[in-house]
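Engineer: The structure that follows is given in the form of structure tokens.
Read the figures in this text as sums done on the coordinates, not as results from a lab. Nothing here was measured: the structure is a model prediction, and the numbers come from that model. Glycine gets a Cβ as well: all are built from the backbone with ideal geometry, and neighbour counts include every protein chain shown.
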Amino acid sequence: MSEQERPSGDAGTEPPRQPSVVVADDHPLWRDAVARDLAEAGMAVLATADDGPSAVNRTKATRPDVLVLDLNLPGMRGHEVCAALGSLETRVLVLSASGEQQDVLEAVKAGATGYLVKSASREQIVEAVRATARGEAVFTPGLAGLVLGEFRKLSTQPQTDPSRPIPELTERETEVLKLVATGMSYKEIASDLFISHRTVQNHVQNTLGKLQLHNRIELVRFAIAKGLDTPEA
């Protein structure tokens, strides 16, 4: 069966695995409410933390799919927590009261995959955690353009290793990569290319592996650096 013919949810297939999470926030009522909402949505809440060092230690100990992180934690700020997680495969979704440009960019540069303000609804937070676990970049409306603009600016700076060989991508992987670079969601890419959401995910994961990148944020930055975010690319 071709990828165009394959439906996004074949009958008889098992439902996707729910992500595991750690929730870090110094406000106990908010932290407990988020943890409860995620647990009720079927996710495994492995731990909670009320300060930066605890967030780092518990994330490293439990290795969740997603760390839901407040920026203003005692002991370490959010971007310091992101940086301290190093090469850990856990993806970070920042959930903050601040939508300030500097806070957003600091978090993303340090490794956060997504950024939501706390005014987001319960449903938006639950879906954002699931999307983050899938490797998608999730941002409060209005912030995605800010992040893409920053990547475009950074892409004009000298690369740390310009001689690094670029593995050959298939025609479809390149096509998906170009659309990722424009900020389109996986669902939008699937609709545009007439393929399933899962097929888009598979192409992105294959591309990440070939390019030795860790998440969609790094993939967008790579694509922009190569000029793939323009229609004529």
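Engineer: For the range 30-69, with only Lys/Arg (+1) and Asp/Glu (-1) charged at the beta-carbon, what is the dipole magnitude about the Cα centre, in debye rounded to 20? If you can, show how the numbers build up before the last one.
Structural biologist: On the way: 5 positive and 6 negative charges, 39 e Å.
The calculated dipole for the range 30-69 is roughly 180 debye.
Engineer: Separate question: Per the Kirkwood formula on distinct C-alpha pairs, the Rh of the range 61-116 is how many angstrom?
Structural biologist: On the way: mean 1/r = 0.0902 Å⁻¹.
Evaluated over the range 61-116, this radius sits at 11.1 Å.
Engineer: Computed FRET efficiency, Cβ-Cβ of R36 and Q205, R0 25 Å: what is it to the nearest 0.05?
Structural biologist: 0.20
Engineer: At 7 Å along Cα-to-Cβ for each site, give me the label-to-label distance between A44 and S87 in nm.
Structural biologist: Going by the 7 Å Cα→Cβ label model, 2.4 nm.
Engineer: Would you kindly give the portion of the calculated P(r) for the range 12-134 that falls above 21 Å, as a percent of all Cα pairs? Display every interim value, and only then the final one.
Structural biologist: On the way: 2151 of 7503 pairs.
The calculated P(r) of the range 12-134 puts 29 percent of pairs beyond 21 Å.
Engineer: Which FRET efficiency, nearest 0.05, do A120 and E218 yield, Cβ-Cβ r, R0 30 Å? Display every interim value, and only then the final one.
Structural biologist: Numbers: r = 24 Å, r/R0 = 0.80.
Efficiency, from the Cβ-Cβ distance: 0.80.
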